[in-house]
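In what follows, a structure is listed as structure tokens, so that the remarks can point back to it.
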Amino acid sequence: MANRVHRKLAIPVQPVPKQRPEERLLNWDEVYRGYDQETAMVEAARCIQCPTAPCQEVCPVHNDIPGALARLEVGDVHGAAGVFRQTSNLPEMCGRLCPQERLCEGNCVVGFAIRPGNFSQPPVSIGKLEAFVTDHQRRELGGFPVPECAAPSGRRVAIVGSGPAGLAAAEELAQAGHACTVFEAWPEPGGVLLYGIPNFKMRKEILQEKIAMLRGVGVEFVCDVWIGSDVSLDDLFDRGFDAVFLGTGAGVGNTLGVSGEDEFAQIFAATDFLVRGNLRPEQLPPGLREPLDVGRRVVVIGGGDTSMDCVRTARRLGADEVTCVYRRTEAEMLGRDEERRHAREEGVRFLWLTAPLRFVGEPDGRVTGVECVRMELGEPDESGRRRPRPVRGSEFVIPCDTAVVAIGYNADPTVPQAAGLRTRRGALVEVDPETFETNRPGVFAGGDNVNGADLVVTALADGRRAAAAIDRYLSALPAEARGTASRGR
């Protein structure tokens, strides 16, 4: 056993091919080109199959990573993909979008092991292997594998929001035999996976194939409908739905609240900037269809993954000078190291310990700059990070033709306010932690509208668990009850 582990630890990490920075700035394709099968098998062989499997333990959906990589190591690509699909509805997407360095890879024993000569190697590239095996399987099958669905139950579920929580819930409930209708406020289904993730991180064909598969098993998608304003929860029950799942995410962008933010043109909220930069006009509401002209200089304010999406989008839209402004240091940034590395490779400049004070502009209403102040770090705040405070007399102006505000998201209060749902921390829906049910019978919720802005995989995990709870709820309803559950409140 020890010799086998030592042999595995001696296998060097297999780099994943990717586009050169100067090449990828000229297109919107994914940065990573992905493994070929031979290289993927070698990388999978680096997994030492440790019995404690900390990688699996920290995964929000508890993927059997050692089991999947054991199959891939011997060339059973379909078997490996099947293992990931047992616990995840979106492994292609999680393999691309999860912060593996904080989750599975960050807890991989291989990454901590010391080799002869007193050096270590990176952990196994779990995310890239997850994406490889599921991509390979789809190519071989000509699309997503179709799950086996139970006989129709006669029950109907309305799912509000078609992001990762909503899609996962729809698939799980369809497999249980329940009829699902997914309502989406945007013109096309996909939620944050379509309207929040740039193409260079995940090509949209993957999402489109997933939605096609769900339609194939009977899931209906209804777009351009705002639940809570166009249609109420009472309307849904009146239409005969037996339960409702709210997976509306956290799509309301935070604002700076500084002078000029609402005064000058070419100052964008992050989502508006990203959707106009990454999607076709017909995929957008009428008010967002005009193409972007970002000019030569762009400033993006914020330090998370969304800000990295914005700076990298700005470079692909033709901006020569793109600056990311963040009020703390890089050590306090919450986004992925990989995204910042890619941004640097693509020519983005970072200004740490810098905070915006106001926007300045021309009399014609166009923004020309962001007045900022230098910061220093004080005592830790409630997040555990050191609180930034301004340095007196350090004000300066960063010239820009376009500015983007990317400082985080909150949940939309429309649905909970209109439906009388209990909330916490503003608009986050309060649910039973075991059943995901709200204070209204038959109304469930999960994902970012419950937890706050978080990861794709945590929303996916919520969608799966909520679907199981909804299935139990529907099974316990009297046979004659149809769409009346929430009327009994």
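The values are calculated or read from the model by the stated rules, or taken from the named source; none is laboratory data. Keep in mind the model is a prediction, meaning the values are calculated, not measured. Methodologically, a virtual Cβ is constructed for each residue, glycine included, from the backbone with ideal geometry; neighbour enumeration extends over all protein chains shown.
Considering every residue within segment 341-355, establish whether at least one is free of Cβ contacts under 8 Å to residues at least 12 places away in the same chain and assigned to a loop (DSSP other than H, G, I, E, B). Show your work before the answer.
Quick first cut of segment 341-355, residues free of Cβ contacts under 8 Å to residues at least 12 places away in the same chain only: 341, 344.
Now restrict to residues that are assigned to a loop (DSSP other than H, G, I, E, B): none.
Looking for residues that are free of Cβ contacts under 8 Å to residues at least 12 places away in the same chain and assigned to a loop (DSSP other than H, G, I, E, B), one finds none in segment 341-355, hence no.
Scan segment 6-35 for residues that are surrounded by 13 or more Cβ atoms within 10 Å (Cβ to Cβ), in a loop (DSSP other than H, G, I, E, B) and over 24 Å from the mean Cα position of the chain (by Cα) and jot them down.
Applying the first criterion (surrounded by 13 or more Cβ atoms within 10 Å (Cβ to Cβ)) to segment 6-35 yields 6, 8-9, 11, 13-14, 16, 18-19, 21, 24-25, 28-32, 34-35.
Of the ones still in play, those that are also in a loop (DSSP other than H, G, I, E, B) are 11, 13-14, 16, 19, 25, 28-31, 34-35.
Within segment 6-35, Ile11, Val13, Gln14 meet the criteria.
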When the residues of segment 347-394 are filtered to those that are among the hydrophobic types (A, V, I, L, M, F, W, C) and in contact with a Gly (Cβ under 7 Å, 6 or more places away or on another chain), which remaining residue is farthest from Thr313 (Cα to Cα)?
Val360
If you scan segment 314-330, which residues turn out to be touching a Lys or Arg at 6+ places or on another chain (Cβ under 9 Å) and outside any strand (DSSP E or B)?
Arg316, Gly318, Ala319, Asp320, Arg328, Thr329, Glu330
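Looking for something on the phi < 0 side of the Ramachandran plot and modelled with pLDDT of 95 or more - is there at least one such residue anywhere in segment 375-384? Steps first, please.
Restricting attention to segment 375-384, the residues satisfying the condition of being on the phi < 0 side of the Ramachandran plot are 375-383.
With the extra rule that they be modelled with pLDDT of 95 or more, the set shrinks to 375-376.
Checked against the condition, which is being on the phi < 0 side of the Ramachandran plot and modelled with pLDDT of 95 or more, segment 375-384 yields at least one hit.
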Checking the structure you have, find out if any residue of segment 403-422 is part of a helix (DSSP H, G or I), of a type in the set (Phe, Trp, Tyr) and touching a residue at least 24 places away in the same chain (Cβ under 8 Å).
no
Residues of segment 278-331 being closer than 19 Å to Gly253 by Cα and among the polar types (S, T, N, Q), in sequence order, are Asn278, Thr306, Ser307, Thr313
Exception for Asn89 within (1) surrounded by fewer than 20 Cβ atoms within 10 Å (Cβ to Cβ); (2) part of a loop (DSSP other than H, G, I, E, B); (3) among the polar types (S, T, N, Q) falls at (1)
Matching option when the condition is farther than 20 Å from Arg464 by Cβ and either touching a Phe, Trp or Tyr at 6+ places or on another chain (Cβ under 6 Å) or not polar (S, T, N, Q) (or both), among Gly106, Gly95:
Gly106
Name the residues in segment 431-453 that are of a type outside the set (Lys, Arg), assigned to a loop (DSSP other than H, G, I, E, B) and in contact (Cβ under 8 Å) with a residue 12 or more places away in the chain, would you?
Val431, Glu434, Thr435, Phe436, Thr438, Asn439, Pro441, Gly442, Gly446, Gly447, Gly452, Ala453
Suppose we filter Ile227, Ile206, Ile211, Ile197 for residues that are touching a strand residue (DSSP E or B) at 6+ places or on another chain (Cβ under 9 Å), over 24 Å from Gly420 (Cβ atoms) and not acidic (Asp, Glu); which single one remains?
Ile211
Considering only residues that are polar (S, T, N, Q) and closer than 18 Å to Ala10 by Cβ, which ones fall in segment 33-71?
Thr39, Gln49
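Every residue, every condition in (1) farther than 17 Å from Ala453 by Cβ; (2) not basic (Lys, Arg), yes or no:
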residue	(1), (2)
Ser383	no, yes
Arg392	yes, no
Glu395	yes, yes
Thr402	yes, yes
Ala406	no, yes
Ala411	no, yes
Thr423	no, yes
Glu434	yes, yes
Arg440	yes, no
What about Arg20, is it of a type outside the set (Val, Ile, Thr) and in contact (Cβ under 8 Å) with a residue 12 or more places away in the chain?
no
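What number of residues within segment 307-363 satisfy the criterion of being hydrophobic (A, V, I, L, M, F, W, C), modelled with pLDDT under 95 and surrounded by fewer than 22 Cβ atoms within 10 Å (Cβ to Cβ)? Step through it out loud before you land on a result.
Here is the first cut: in segment 307-363, the ones hydrophobic (A, V, I, L, M, F, W, C) are 308, 310-311, 314, 317, 319, 322, 324-325, 331, 333-334, 343, 348, 350-353, 355, 357, 359-360.
Of the ones still in play, those that are also modelled with pLDDT under 95 are 331, 333-334.
Subsequent filtering for residues that are surrounded by fewer than 22 Cβ atoms within 10 Å (Cβ to Cβ) retains 331, 334.
Number of matching residues: 2.
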Among the listed residues Val157, Val110, which satisfies the condition of being crowded, with 21+ Cβ neighbours inside 10 Å, touching a helix residue (DSSP H, G or I) at 6+ places or on another chain (Cβ under 9 Å) and more than 26 Å from Cys50 (Cβ to Cβ)?
Val157
Check Val74, Val83 and return the single one that is loosely packed, with under 15 Cβ neighbours inside 10 Å and either out of contact with any strand residue (DSSP E or B) (no Cβ under 8 Å at 6 or more places or on another chain) or assigned by TED's automatic domain parsing to the domain that holds Lys204 (or both).
Val74
Just wondering, is there one or more residues in segment 255-264 that are in contact with a helix residue (DSSP H, G or I) (Cβ under 9 Å, 6 or more places away or on another chain), closer than 25 Å to Val300 by Cβ, among the charged types (D, E, K, R) and not in a helix (DSSP H, G or I)?
no
Say whether the condition of being of a type in the set (D, E, K, R), surrounded by fewer than 24 Cβ atoms within 10 Å (Cβ to Cβ) and not assigned by TED's automatic domain parsing to the domain that holds Glu92 is met by at least one residue in segment 187-200.
yes
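If the requirement is being over 25 Å from the mean Cα position of the chain (by Cα) and either in the same structural domain as Gly34 (by TED's automatic domain parsing) or modelled with pLDDT of 95 or more (or both), which of these qualifies: Leu207, Leu233, Leu214? Lay out the reasoning, then the answer.
On the way: Leu207 fails: over 25 Å from the mean Cα position of the chain (by Cα); Leu214 fails: over 25 Å from the mean Cα position of the chain (by Cα).
Leu233 is the lone residue from the list that is over 25 Å from the mean Cα position of the chain (by Cα) and either in the same structural domain as Gly34 (by TED's automatic domain parsing) or modelled with pLDDT of 95 or more (or both).
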Filter pass, Arg156 being among the basic types (Lys, Arg) and touching a residue at least 40 places away in the same chain (Cβ under 8 Å)
yes
